[in-house]
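The values are calculated or read from the model by the stated rules, or taken from the named source; none is laboratory data. Quantities reported herein were computed from a predicted structural model and do not represent experimental measurements. Note that each Cβ is placed from the backbone with ideal geometry, even for glycine, and that neighbours are counted across all protein chains shown.
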Amino acid sequence: QLQAFGGGLVQAGGSLRLSCAASGRTFSTYAMGWFRQAPGKGREFVAASWSGGSAYYADFVKGRFTISRDNAKNTVYLQMNSLQPEDTAVYYCAASRTSRAMPTRMNYYEVDYWGKGTLVTVSS
């Protein structure tokens, strides 16, 4: 089970940190990711943290967002800086049993568990 926290309203240029807590004893073996869904659009990949610790980002967040994980706390984080109105979306955390030799994007069909979303609204 996944539960995301940390969404809210922020002005353009501001920052937020999302957290996603997972239950279970095998968190460290899962790849963890973040996706988002803007109003009227499909769900898109944002960032992934693979079980070996490597990360991969969608081009539109590179240099602004950072994914990290604390396996001792069964938690994955998404630090979002320099937020823009186009980042407004419901953000979802995801867990996948898929492993990778090299970090790449996490695909929608690879997700085994979805968390409930948390809304991020960026005002201009």
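None of T75, T104, T66, T29 is of a type in the set (S, T, N, Q), out of contact with any helix residue (DSSP H, G or I) (no Cβ under 7 Å at 6 or more places or on another chain) and without any contact (Cβ under 8 Å) to a residue 24 or more places away in the chain except T66.
To keep it simple, each residue is scored yes or no on (1) modelled with pLDDT of 95 or more; (2) touching a Pro at 6+ places or on another chain (Cβ under 9 Å); (3) under 26 Å from L9 (Cβ atoms).
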{"position": "F65", "(1), (2), (3)": "yes, no, yes"}
{"position": "A72", "(1), (2), (3)": "no, no, no"}
{"position": "N81", "(1), (2), (3)": "yes, no, yes"}
{"position": "E86", "(1), (2), (3)": "yes, no, yes"}
{"position": "C93", "(1), (2), (3)": "yes, no, yes"}
{"position": "S99", "(1), (2), (3)": "no, no, no"}
{"position": "V111", "(1), (2), (3)": "yes, no, no"}
{"position": "G117", "(1), (2), (3)": "no, no, yes"}
{"position": "V120", "(1), (2), (3)": "yes, no, yes"}
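Criterion first (closer than 23 Å to P103 by Cβ, over 15 Å from the mean Cα position of the chain (by Cα) and not β-branched (V, I, T)) does G52 satisfy it? So G52 fits the description; yes.
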